[in-house]
Amino acid sequence: MKKATLPQNFNLAGLLRRQWPRLALALLLGSGALLAALALLAYSGHFITATALAGLAAAPLFEIFRPGAIIRFLALARTAGRYGERLVAHDAVLGLMAQLRGELYARLARLAPEPLGRWSDGDLLQRIVADVELLTQAPLRAALPLLGAVLVLSLTLAFLLLVDAHAGLAAALCLLTAAVAVPAFAARRSRRDGAALVARYAQRREDLVDVLRGLTTLLLCGAWPQRRAQWQRQDRAVIRAELAQRLRESFGISLVVLLAGMAAWSFLAVARPQSTAQAPLLAAAVLAAVAALEALAPVSGALLAWGRARAAAARIDALLQQEPAVHFSPASAPVSGSHAGAVATAPAHSATLPAACGAVQLRGVRYTYPGRRSGVIVPDLRLPAGGRLLVSGPSGAGKSTLAALLARLMDADSGAIELDGVDLRDYDEASLRQRVALQPQRPHLFAASLAENLRLADPGADEARLRAVLRAVALEEFLAGLPQGLDTPIGEYGAGLSGGEARRLALARTLLRPAALFVLDEPFEGLDESTRQQVAAGIEGWLAGASLVVISHQDVALSGSVVRLRLSAAQ
Ligand SMILES: Nc1ncnc2c1ncn2[C@@H]1O[C@H](COP(=O)(O)OP(=O)(O)OP(=O)(O)O)[C@@H](O)[C@H]1O
């Protein structure tokens, strides 16, 4: 089994390390742009002051070409650096996003159907889309601005102290307050506020998906006005929280602007130039203090972004901490089988096992859902290869649970289920999926054409095979009435089809699986008597030789020796 590459507890530092070469380059380019901006302003101040002094002294010769070239170079370097930084940083972030999402999908696939089913669609969507976005943008929105600010501040302070130690100290006091005290205020709240805002986003999306799914129900129940009002209240709360964060960020930026101005003034006030010749250097220092603003202003926002990214990371981590309901064996078990043509790529079977595929044995099987007191108990039974098992019982007796156990969507708490003499737990996933086909009680249809939905089960099926399987489930006439035939698009959940048609289309898809054991949960639900008999005969003809488990509330006439299993209410 391929080892998941995403660490169980990934952290932001770990995340940054993944893209470090590109992030380091982005930092280099971004810092270069900041330093060029700083040098541009400082050097311009130096140049203008020197020109003024030369004018006052009526100096006959004054070099303007070199300073002009330096100023042009700094202006270009600043633009190019900023452009390069954006390009490289966005590339790193998008790469990170693709990498993280890919790994996330791989991990999530292991969590279906449980425990993933316990999470709402809206919540999952928020974690996979928005939280991943918040998290992967942390390098761009938080790490790079913070590192750039540290670099620029250090160089500015060193320059100011070199020009004039006393004045440099006075300016440093203001700049350090701008760089440390103001962001510290933001940081103190960033974690708590970030977590609260991310939780609000999640709740809003969860409710949105829920409302969209249940809109018709809300309208029919007359509950839409209350739900809409609740939704609007929630939206307003999110906007208020966002506004509060923005205001704090703006307040932080205003303070930084004020403090940078104070740094410049205090430098000017304290500086004691030895001679007029020092004036250009002093002008450069004063403007450098002002220019440091460009690097310091984004610090508060970066810390808030860091807080949101941490909260998003914790939410993604909580999802990844979930344990899959089933761990598959990494190696293929020795499986027997020669069920004619049913398992196209069946591994060579052991001579000690029965010749045909699809024999099932249940021994002492019991399953209790987490949080439930009573469990499902399945009587022991043996179904020979190619046999028929008809499962019935009152609602809630555990029929669908048995179907899920047979397809190993979860493991029994006790007892064993064997397929062709091998415990289900000893099959690797591919082998098991190849041998057992399950039609769940509520099958999913995708927003795609009929053919695309069918070919999910058998990508190589040609049109004749698709038509044949639709004939087996009594959908031939329905197909003949569609101008676009197999290319007819259907909506999600089978929108555009009747309940019975959608169910039969999903059934046809299940029948296309090249399996040895077919477990069909309520395949006849919603069908009239004559269609039911037609579909039952179609299934039997299609699956000749394969083992068949049919869960049905209605009595169905199945040919051959039929094992009947009646489950009693969960205990
Ligand atoms: N995901 C779940 N989490 C917790 N309990 C569950 C879950 N799924 C089913 N149950 C419970 O397990 C019991 C058996 O459910 P199951 O769906 O297997 O019954 P069933 O016989 O198929 O019912 P029906 O004929 O109504 O479809 C029920 O009491 C049900 O409430």
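Points worth noting:
- With the convex hull drawn around the C-alpha atoms of the stretch 491-571, the volume per residue stands at 127 Å³.
- In terms of packing, defined here as the mean over residues of other Cβ atoms within 10 angstrom, the peptides 98-110, 412-424 line up highest first as 412-424, 98-110.
- Modelled label positions at Ala24 and Asp413, each set 7 Å beyond Cα in the direction of Cβ, lie 5.5 nm from each other.
- Taking N as the residue count of the stretch 199-309, its C-alpha radius of gyration divided by 2.2 N^0.38 Å amounts to 1.94.
- Sum of -39500 (n - 2.57) over DSSP H runs of 4+, divided by residues of the chain (222 nm, nearest 500): -18500 deg cm²/dmol
- Net +/- balance of residues flanking Arg78 in space, Cβ distance below 12 Å, scoring K and R +1, D and E -1: 0
- At 0.890 mPa s and 25 °C, Stokes diffusion of the chain via Kirkwood alpha-carbon radius, µm² per second: 83
- Amide H to amide H distances under 5 Å link Val563 with Arg388, Leu389, Leu390, where only residues 5 or more positions off or on other chains count and H is placed in the peptide plane.
- Taking a Cβ cut-off of under 9 Å around Val563, the surrounding Lys, Arg, Asp and Glu residues balance to a net charge of +3, with basic ones at +1 and acidic ones at -1.
- The stretch 427-478: equivalent-ellipsoid semi-axes (sqrt of 5 x gyration tensor eigenvalues, Cα, Å): 22, 14, 12
- In degrees, nearest ten, helix 20-56 long axis to first principal axis of the chain (Cα): 20
- Counting charges near Gln99 (Lys, Arg +1; Asp, Glu -1) among other residues having Cβ under 14 Å from its Cβ returns a value of +2.
- Kirkwood hydrodynamic radius (C-alpha pairs) into Stokes-Einstein, the stretch 429-563, 25 °C and 0.890 mPa s, D in µm²/s: 164
- When only Cα pairs below 8 angstrom with a gap of at least 6 residues are kept, the chain shows a relative contact order of 16 percent.
Coordinate-derived values only; no laboratory data. For clarity, every value in this text was computed on a predicted model and none was experimentally measured. Please note: Cβ atoms are built from the backbone with ideal geometry, for glycine as well, and neighbour counts cover all protein chains shown.
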